[in-house]
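Take a look at the structure set out below.
The values are calculated or read from the model by the stated rules, or taken from the named source; none is laboratory data. Since we're looking at a predicted model, the values are computed, not measured. For neighbour counting, all protein chains shown are included, and Cβ atoms are generated from backbone atoms with ideal geometry for every residue, glycine included.
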Amino acid sequence: MSQIELDAAILAAFPAGSTVVSAVEQLNTNWSRGFRVDIIEREELIGMAEAEYEGQLAMHLVIPDHTTKPTAWGFFQGDQTKAWYLAPFRNLRAELPPLRSFLAIMQKMHRQSVSPTGKFGFHVTPYYGPPPMIVDWTDSWEIFWTREFRSGLAYVQRMRGENPELVEVAEEFLQKVVPRLLRPLQTGGRDIKPSLCHGDLWDGNIQMEIDTDRPVLFDPCSFFGHHEMDLQCMRGARYTIGLDFVELYKKEGDVSEPKEDFDDRNAMYAVRNDIMVAGMWPQWASLIDKAIEEMRRLLSKHPDGLAGFHGDLRPNEVVLARRID
């Protein structure tokens with residue numbers, strides 16, 4: 001199905017301020033043609049300006065040499081359905097940094113950032129493209145990731161149509177693979193620190209500053225999460241920063257225990273990214289099939305779910321500190 005350009009009269013009938021994402025022919029008869037038109041109403045997305053500001057500021061506090069300090073954000077004075085975001089201009093060129101230099105920047109952001117609540121989440125809603133993330137504070141990374149993944153499943157079906165096969169495979173994936181790979185991170189004496197994640201760290205959001213020759217990271221959808229989530233955009237062949245960097249991270253990065261699960265965790269995180277990209281861009285709708293295939297692969301590797309983990313799964317002890325005056 002090819003995408004078509006809509007007549008201005010049709011565009012004028014959509015809600016004010018909306019944007020057409022895609023317009024694809026669905027059927028035709030001898031006397032008419034029918035189209036499916038997906039739109040975004042900007043009133044739902046004005047939070048993006050605040051999210052961009054807060055996410056960029058959070059990164060700047062940790063890696064100031066590799067980010068821009070945002071100036072301000074707000075609503076248009078004459079139209080409260082529109083928002084703006086302001087930041088200083090940086091003279092950038094579309095060039096990727098050496099992988100080890102990039103690794104050092106990532107590690108500094110992950111290691112030195114501190115969640116204000118000690119939990120996973122964020123204080124404003126970030127946006128992974130158009131869809132908002134669910135970032136209510138929680139102690140459990142498994143809970144955080146599971147609810148975000150379910151939200152992504154709902155989004156891709158809203159944009160690309162209901163897919164019973166995707167739902168069926170994803171539900172088994174959520175019941176078996178997700179707890180098998182995520183629960184061991186926070187049980188048996190193992191733990192992960194809620195680290196500041198860029199959230200959308202693909203090669204399009206990293207460039208070199210011409211004046212300083214330093215890598216600069218921008219366009220985040222920041223949250224405090226498992227630091228390995230920042231590798232979710234690097235598994236697909238479509239990304240320039242790809243599996244070579246993932247392998248470097250595996251050898252020299254901060255791989256969480258159990259380390260033997262690293263590759264499977266990376267594949268699981270990448271499934272979420274593929275689903276979101278398929279929802280955002282019609283030309284990447286085939287990634288739904290890729291996600292199904294990868295979920296099936298992980299299910300075949302972990303058919304028993306959590307019961308297949310042979311290490312310690314006892315809950316970690318919670319130590320409560322009481323102030324004595």
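At a glance:
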read-out	value
Exclusive hit being in contact with a strand residue (DSSP E or B) (Cβ under 8 Å, 6 or more places away or on another chain), assigned by TED's automatic domain parsing to the domain that holds R238 and either closer than 30 Å to V20 by Cβ or not in a helix (DSSP H, G or I) (or both), set G199, G129, G189	G199
Residue match in segment 46-64 (condition: in contact with a helix residue (DSSP H, G or I) (Cβ under 6 Å, 6 or more places away or on another chain), modelled with pLDDT of 95 or more and surrounded by 15 or more Cβ atoms within 10 Å (Cβ to Cβ))	yes
Selection from segment 71-91 of residues that are under 23 Å from I210 (Cβ atoms) and in contact with a strand residue (DSSP E or B) (Cβ under 7 Å, 6 or more places away or on another chain)	T71, Y85, L86, R90, N91
Conditions (1) without any contact (Cβ under 8 Å) to a residue 24 or more places away in the chain; (2) surrounded by 12 or more Cβ atoms within 10 Å (Cβ to Cβ); (3) closer than 16 Å to M208 by Cα; number of the one not met by P98	(2)
Segment 175-191 residues that are touching a residue at least 24 places away in the same chain (Cβ under 8 Å) and farther than 11 Å from G305 by Cβ, paired with ones that are among the hydrophobic types (A, V, I, L, M, F, W, C) and surrounded by fewer than 20 Cβ atoms within 10 Å (Cβ to Cβ) (beta carbon under 6 Å, 6 or more apart)	P184/F309; L185/I192; T187/L313; G188/L313
Check on M229, over 19 Å from G121 (Cα atoms), of a type in the set (A, V, I, L, M) and either buried (at least 16 other Cβ atoms within 10 Å of the Cβ) or touching a strand residue (DSSP E or B) at 6+ places or on another chain (Cβ under 8 Å) (or both)	no
Single residue of segment 147-159 satisfying the filter (in contact (Cβ under 8 Å) with a residue 24 or more places away in the chain and surrounded by fewer than 16 Cβ atoms within 10 Å (Cβ to Cβ)) that is nearest to R36 (Cα to Cα)	R158
